[in-house]
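Data block below; observations after.
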Amino acid sequence: MLENIPTQSAMTELLGQSLFEIWQALCSAIEEKYDMDRLWDTGGKNWTYEYKYRRGGKTLCCLCAKSNCLGFMIILGKDERAKFEDLRDTFSNAVCRRYDEAKTYHDGKWIMFEPTDMTEFDDYMRLLAIKRKPNRKQKKS
């Protein structure tokens, strides 16, 4: 757990304006569908910060930040990987390539994306839905 949560200006300085806007858009997309606890932490040896979405002791995903680089990580367990494989041809080639390149550990396949725009957001939300059904009521438009 991080003692001092970074300010918006600190995050903008770290990521750069365009990546910070993508960070904000990704957070908004997740928070629109999921009611989760949000935890800041240090990013370990590879990242400056880690921002996790968790509920009931289980992590949905995390966003990572370092100088001019944004990361979005999702870990898919065995059953979730089988679901992904069933839906594989509905995901973009870039997402499938990241999935294939990701290392599989004892607790799942750790897939790290480094978005530079919002083109893969729909795929990210579908990956999250494989992991956990959205738990926030959608607003009627």
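Among the residues of region 105-133, those identified as surrounded by 12 or more Cβ atoms within 10 Å (Cβ to Cβ) and more than 17 Å from residue 25 (Cβ to Cβ) are 108, 109, 110, 111, 112, 129, 130, 131, 132. Close contacts from region 89-102, counting a first residue that is within 12 Å of residue 119 (Cβ to Cβ) and of a type in the set (S, T, N, Q) and a second that is part of a helix (DSSP H, G or I) and modelled with pLDDT of 95 or more, with Cβ to Cβ under 9 Å and a gap of 6+ residues or different chains, come to 92/122; 92/123. When restricted to residues that are more than 22 Å from residue 68 (Cβ to Cβ) and surrounded by fewer than 13 Cβ atoms within 10 Å (Cβ to Cβ), region 18-34 contains 1. Taking the criterion of being loosely packed, with under 13 Cβ neighbours inside 10 Å and among the small types (Gly, Ala, Ser), the only residue of region 1-17 that qualifies is 9.
Find the residue count for region 35-73, including only residues that are surrounded by 14 or more Cβ atoms within 10 Å (Cβ to Cβ), assigned to a loop (DSSP other than H, G, I, E, B) and either in contact with a Ser or Thr (Cβ under 8 Å, 6 or more places away or on another chain) or basic (Lys, Arg) (or both). Counting residues in region 35-73 that are surrounded by 14 or more Cβ atoms within 10 Å (Cβ to Cβ), assigned to a loop (DSSP other than H, G, I, E, B) and either in contact with a Ser or Thr (Cβ under 8 Å, 6 or more places away or on another chain) or basic (Lys, Arg) (or both) gives 1. Checking every residue in region 86-101 against the condition of being in contact with a Ser or Thr (Cβ under 7 Å, 6 or more places away or on another chain) and surrounded by 12 or more Cβ atoms within 10 Å (Cβ to Cβ) gives zero matches. Listed by first and then second residue, the pairs with beta-carbon distance under 7 Å, at least 6 apart or on different chains, first residue in region 56-71 and closer than 24 Å to residue 133 by Cβ, second in a strand (DSSP E or B) and modelled with pLDDT under 95, form an empty list.
Of the numbered criteria (1) in contact with an Asp or Glu (Cβ under 9 Å, 6 or more places away or on another chain); (2) among the aliphatic types (A, V, I, L, M); (3) under 30 Å from residue 8 (Cα atoms), the one residue 130 fails is (3). Evaluated against (1) farther than 23 Å from residue 19 by Cβ; (2) surrounded by 12 or more Cβ atoms within 10 Å (Cβ to Cβ), residue 79 falls short on exactly one condition, (2).
The values are calculated or read from the model by the stated rules, or taken from the named source; none is laboratory data. Predicted, not measured: the structure shown is a model, and the values here were computed from it. Note that we place each Cβ from the backbone using ideal geometry, even for glycine, and neighbour counts take in every protein chain shown.
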